[in-house]
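Questions regarding the structure given below will be posed in turn.
The values are calculated or read from the model by the stated rules, or taken from the named source; none is laboratory data. What you are looking at is a predicted structure, and each value in this text was computed from that prediction instead of being measured. Positions of Cβ are backbone-derived with ideal geometry, glycine not excepted, and every protein chain shown enters the neighbour counts. Side chains are part of the model used for accessible areas, which takes the heavy atoms of the whole protein and leaves out ligands, DNA and RNA. Shrake-Rupley method; radii C 1.70, N 1.55, O 1.52, S 1.80 Å.
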Amino acid sequence: MTDGDDHGGDADDGGDADDHGDDTDDHGGRLARVRAGTEARALTALAVLTSLTLVVAFYYPTATVLVEAVVVDGAVTLGVFADVLTDPFYFGELARLLSGEPPGVVARALLSPDRRLGIVGFTAYQAVLSTVASVALGLPAAYLLARFEFPGRKTLRSLTIVPFVLPSIMVGVGFVATFGQNGTLNAALSALGLPPVDLMFTLEAVVIAHAFYNAPLVARVTTAAWESVDASAVETARSLGAGPVRAFVDVVAPQVYPAVLTGAALTFVFTFGTFPIVLALGGFELATVEVFVYRLVRDLNYAEAAALAVVELVVSLAVLLAYLRYEARNATSTRGARPLPRRSLVPPSLSPRELLPRAGLAAYGVVAAVVFLAPIASMILASVTGGDGALTLDNYRFLVERQQTGAAFQVRPWPAIRNSLAFAGAATLLALPMGVVVAVLTTRRYRGRTLVDAAAMAPLAVSGIIVGLGLLRGLVFGVEIAGWRIAAGGAVAIVVAHAVAGYPFVVRTVSPGLSGLDRSLVESARALGASRARVIRDVELPLVWPAVVAGAAFAFAISIGEFTSTVVLATGADAYTMPVAIERFIGRRLGPATAMGVVLLVVTGLSFVVIERLGGEHRGL
Amino acid sequence: MNTVASDPDGLAEGSGDSDPVAVELDGVTKRYGDATAVGDVSLRVREGEFFTLVGPSGCGKTTTLRLIAGFEDPSAGTVRFAGESVAGVPPEDRDVGVVFQSYALFPHMTVGENVAYGLNFADPPEGVTRDERVADLLDLVDLPDAADRDPESLSGGQQQRVAMARALAPGPDVLLLDEPMSALDARLRERLRAQVKRIQSELGITTIYVTHDQEEALAVSDRVAVMNDGTPEQVAPPRTVYREPATRFVAEFVGDNNVFSGEVRDAPADGEFAVAVDDADETLRVGTDESDTRPEPGDRADFCVRPEHLRVAGDGDPSATRDADATRDGTENALRATVASAEFLGETTRVTLDWGDRELLVRTVDPLDGAVTVSFDPGDAHVIEVEGENDR
């Protein structure tokens, strides 16, 4: 609406169908009203159901574990916390500050070369490095995707979603196959007559692997923002006398930078809670908080594990909340009427101004190929290479033999594939309605919306180990409520955990679509007689359907690759998944693990194509 | 304070004054935080009336419409449909049809499905099937063959008509149109507004129309509410609004006008009094109606003269001499001015003149240049407001 007097404020809500008076209306009108009331209640019921699921599957189990940080032997104490906070093992030099040493001394210690960061400090440190690397690797991709036209651009843009949903343990295997002692990198180096390098169990490998995951995410959100910059804004700046660089700094950068920040914040949260990557590439030598929580849980030291997990949660939630607040403040739905024109990748002239950015992109292309393609290619290559370097199918034969002759306690491939698919399907069916309901709730305007948003997004920030442990003790071992013992199998618990892990991504894909809808579409439908709930069914959902499908694909992929809580919950031989199988194999030899990795890659890829076919293009994240 | 004080709604002047009131706003206020979008609006729209809310951007007209539709709840005051308060009644139960500026056609439905959508919640008239109803409505808006088409394949004007058909299909009591033409080009807008008017009078449906275009408002409406800063400054039939603007804002907003302020010099005699105009060292004679507050010397007065009531003659023109004679008789005002600029509009030319420290707008057929004499009959001046010394 060009008219300035159109004020915001979606004052309506699902409940307002109930509170109008009893008009002296005909019978039909009354019936319609009863129906409208039922529909409004259905929406409320769905919201309540979603909240209940979250409480049962996430908040309650997580709370039972976290509470152990402050309740020891039935008494409330901050002792465990105090121990963790003042232990240099966790907090490094910072612990001395927390245990009361003067800041000056601590600051000097922090600046000294032999400073200790402690586990938390190291985790933050590697997360910052990973974030920097991801942004550095993601921005050129965004520049390429947003500003250049070339064959396969759209495909490449869709492919940026792939790394993010690849199973982390599989990526770990791919990185071992690339950067390990006998990996393709060293093979390439020795072929060139160069000395080998060993990146395994180094910070570098972990940071690169994190960049593999998160740089495409940064690229995605940045590209979207860049594409929505209105060309006429840039043209206006140019016409007012700004040069191309100045116009970029003044007009484009301010619109793109919030997206970069979004990508960075999410990257930090994801890498702060990293687990499988570090487990596969760093081992306990490079233990992050999450890895150490896992170790403490294995050692049955629940109190300390819980205290550490709370610390992790506080850091991640603080970043997420800061990000959500920032996002809420800067939410602009101005969609570029006309996006910036794309340039050809082939330089139109040989002037430095045309050549320089393209040369930069070419160099970037080489780096990107090494980071993004090499791990996958190496994994595939390693899976068909024997110990002597010759091509062989031995690794796959091993899988088949293991399937046929494996003992009951051994991990067999077929149940892993079957479980992965079944869990992912079930988790998607659960995550989808949850995500859609939360998306509907978070796109409405009301007081405390940010809080609802944050509460719904909390699963992104909470340690998967803790969720897994909570579900294990709460659901699998069973809880006693009023004399009834409620327990669920490991499989159910895994599905629930996966759904909880996946539904935030459904929310993240669906809510931009919902909030981007023309408000007058909803209002037209209401003026025509549709209740609020009916409008969701008839108008909003059909219009954001591609986003819903994309969300389903996300949920499915997250589930199929989920490792952290699965490894805790898959106690029995009947509930392990493909990622768990890979982890079991990797403990012995790389070969079978890479073969299993390829199987996982194929299954994930196929499922993704199927879901993609059913839906449309990706939006949002 | 103004000339229509005895009938603030202008209800008596509209057509069919015996018709019952369809929509009533009673002291309706809408605040967003500290900002007041609509302030204490009271309006009555009669059944079958074409009622227009017109005003500049930000005047609260769209918010007023949204309060009627039920998309917003008033912060204070009551909206009544046929005498009954609709407080708390959601939009879907108000029996309104709404057409938005963006048309808001559902892009995932065909034109026919769009028009039929409201029939999910309301039955078509007795003896008419759903499909027949859709066909009837598409006929009404001159799009008989569009039912199977994709809304996005239609032109803007066609989409606007589909939106009309969709809003009308369930047989609403009130049709609400929110700037339905402002996305269209001028010529199409003129054609469509005639069609909207025809459909409205054919169906006899109560219609509330929001526009920023005062010309459009005058062309289609039975009555117009000219809004400014969240309140209607005048509610009256288009002719009254044009000829007898109640406030300075209305005088300046509706059509071209020359609004003068000055000090009253003498008490009215023979239906006339003299005003010493600010910004120009001259005294002009102004006609007054019996209904006006009787001005006294020393009062401040605002009055206006439409450009079409200003006669212009170039110096040395024979008619200039005649006008000068009339002025000496005291029957005409004569103003010596110079041409500042001219806009050629086709039928006429709009000429801006410099007179004293201010400008005058006149319309002429022939081009003008240099020094001119402008004259007008005191009876063609409309007194907007007279403010006594004690009021200030």
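Could you count how many residues in region A:498-517 are touching a Ser or Thr at 6+ places or on another chain (Cβ under 6 Å) and closer than 17 Å to A:Leu54 by Cα?
Qualifying residue count, region A:498-517: 2.
Take the residues in region B:114-148 that are of a type outside the set (Gly, Ala, Ser), farther than 17 Å from B:Leu203 by Cβ and open to solvent by less than 80 Å² (accessible area, probe 1.4 Å), then tell me which one is farthest from the other protein chains (Cβ to nearest Cβ).
Among those residues, the one meeting the criterion is B:Pro144.
Among the residues of region B:170-192 satisfying the criterion of being of a type in the set (Gly, Ala, Ser) and within 10 Å of another protein chain (Cβ to nearest Cβ), which is nearest to the chain's Cα centre (by Cα)?
Among those residues, the one meeting the criterion is B:Ser182.
Given A:Tyr257, A:Tyr294, which one is more than 25 Å from A:Leu159 (Cβ to Cβ), under 23 Å from the mean Cα position of the chain (by Cα) and among the hydroxyl-bearing types (Ser, Thr, Tyr)?
The conditions single out A:Tyr294.
Does any residue of region B:57-69 turn out to be under 20 Å from A:Arg534 (Cβ atoms) and surrounded by fewer than 24 Cβ atoms within 10 Å (Cβ to Cβ)?
Checked against the condition, which is being under 20 Å from A:Arg534 (Cβ atoms) and surrounded by fewer than 24 Cβ atoms within 10 Å (Cβ to Cβ), region B:57-69 yields at least one hit.
Hey, another quick one. Go through region A:522-562 and give me each residue that's in contact with a Phe, Trp or Tyr (Cβ under 7 Å, 6 or more places away or on another chain) and more than 11 Å from chain B (Cβ to nearest Cβ).
Residues satisfying the conditions are A:Gly551, A:Ala553, A:Phe554, A:Ala555, A:Ala557, A:Ile558, A:Ser559.
Check every one of the helices (runs of 4 or more DSSP H) wholly within region B:183-290 and list those with 2 or more residues that are open to solvent by less than 50 Å² (accessible area, probe 1.4 Å) and under 23 Å from B:Arg66 (Cα atoms).
Fully inside region B:183-290 and qualifying: B:186-203, B:214-220.
Report whether or not B:Val23 is at pLDDT 95 or above, under 25 Å from B:Pro245 (Cα atoms) and part of a strand (DSSP E or B).
Yes.
Hey, another quick one. Residues A:Val206, A:Val218: which one is of a type in the set (Val, Ile, Thr) and either closer than 27 Å to A:Asn395 by Cα or touching a Pro at 6+ places or on another chain (Cβ under 7 Å) (or both)?
A:Val206
Further question on the same structure: Within region A:223-317, considering only helices (runs of 4 or more DSSP H) that don't extend past its boundaries, which have at least 2 residues that are free of Cβ contacts under 8 Å to residues at least 12 places away in the same chain?
Passing ranges, in order: A:231-239, A:244-247, A:253-272, A:289-298.
Kindly list the number of the only condition in (1) at the interface with chain A (Cβ under 7 Å from one of its Cβ atoms); (2) among the β-branched types (Val, Ile, Thr); (3) open to solvent by 20 Å² or more (accessible area, probe 1.4 Å) that fails for B:Thr78.
Of everything listed in (1) at the interface with chain A (Cβ under 7 Å from one of its Cβ atoms); (2) among the β-branched types (Val, Ile, Thr); (3) open to solvent by 20 Å² or more (accessible area, probe 1.4 Å), B:Thr78 misses just condition (1).
Would it be correct to say that B:Glu47 is open to solvent by 10 Å² or more (accessible area, probe 1.4 Å), of a type outside the set (A, V, I, L, M, F, W, C) and within 16 Å of B:Gly97 (Cα to Cα)?
Considered against the rule, which asks whether it is open to solvent by 10 Å² or more (accessible area, probe 1.4 Å), of a type outside the set (A, V, I, L, M, F, W, C) and within 16 Å of B:Gly97 (Cα to Cα), B:Glu47 comes out as yes.
For region A:336-372: of the residues being outside any strand (DSSP E or B) and of a type in the set (Lys, Arg), which is nearest to A:Asp230 (Cα to Cα)?
That would be A:Arg338.
Can you name the number of the only condition in (1) of a type in the set (Asp, Glu); (2) at pLDDT below 80; (3) closer than 28 Å to A:Leu159 by Cβ that A:Glu204 fails?
Result: A:Glu204 passes all but (2).
Can you name the residue in region B:91-108 that is without any contact (Cβ under 8 Å) to a residue 24 or more places away in the chain and crowded, with 20+ Cβ neighbours inside 10 Å and is also farthest from the chain's Cα centre (by Cα) among such residues?
Once the filter is applied, the top-ranked residue is B:Asp93.
Can you name the number of the only condition in (1) touching a residue at least 24 places away in the same chain (Cβ under 8 Å); (2) within 8 Å of another protein chain (Cβ to nearest Cβ); (3) in contact with a His (Cβ under 8 Å, 6 or more places away or on another chain); (4) assigned to a loop (DSSP other than H, G, I, E, B) that B:Gly88 fails?
Against the list (1) touching a residue at least 24 places away in the same chain (Cβ under 8 Å); (2) within 8 Å of another protein chain (Cβ to nearest Cβ); (3) in contact with a His (Cβ under 8 Å, 6 or more places away or on another chain); (4) assigned to a loop (DSSP other than H, G, I, E, B), B:Gly88 comes up short only on (1).
Could you tell me which numbered condition A:Val171 fails, if it satisfies all but one of (1) open to solvent by 20 Å² or more (accessible area, probe 1.4 Å); (2) under 29 Å from A:Phe275 (Cβ atoms)?
Unmet for A:Val171, out of (1) open to solvent by 20 Å² or more (accessible area, probe 1.4 Å); (2) under 29 Å from A:Phe275 (Cβ atoms): (1).
Residue under question is B:Arg133, and the condition is that it be free of Cβ contacts under 8 Å to residues at least 24 places away in the same chain and among the basic types (Lys, Arg); does it hold?
Judged against the criteria, B:Arg133 is not a match.
Could you list, in sequence order, the residues of region A:528-569 that are among the polar types (S, T, N, Q), under 25 Å from the mean Cα position of the chain (by Cα) and open to solvent by less than 10 Å² (accessible area, probe 1.4 Å)?
A:Ser559, A:Ser565, A:Thr566
Just name the residue that is modelled with the highest pLDDT out of those in region A:148-199 that are assigned to a loop (DSSP other than H, G, I, E, B), closer than 18 Å to A:Ala215 by Cα and among the hydrophobic types (A, V, I, L, M, F, W, C).
Top of the filtered list is A:Leu166.
Oh, and also: Within the bounds of region A:35-47, is there any residue that is at pLDDT below 75, exposed (fewer than 13 other Cβ atoms within 10 Å of the Cβ) and within 14 Å of chain B (Cβ to nearest Cβ)?
Among the residues of region A:35-47, not one is at pLDDT below 75, exposed (fewer than 13 other Cβ atoms within 10 Å of the Cβ) and within 14 Å of chain B (Cβ to nearest Cβ), which makes the answer no.
Hey, any hits in region B:362-370 for a residue that's under 26 Å from the mean Cα position of the chain (by Cα) and at pLDDT 90 or above?
yes
Now for a separate question. Checking A:Thr428 against (1) under 19 Å from A:Gly605 (Cα atoms); (2) surrounded by fewer than 21 Cβ atoms within 10 Å (Cβ to Cβ), which test does it fail?
Evaluating A:Thr428 over (1) under 19 Å from A:Gly605 (Cα atoms); (2) surrounded by fewer than 21 Cβ atoms within 10 Å (Cβ to Cβ) leaves (2) as the failure.
For region B:208-240, give me the residue count where each residue is more than 28 Å from B:Met164 (Cα to Cα) and not polar (S, T, N, Q).
Residues flagged as more than 28 Å from B:Met164 (Cα to Cα) and not polar (S, T, N, Q) within region B:208-240 amount to 2.
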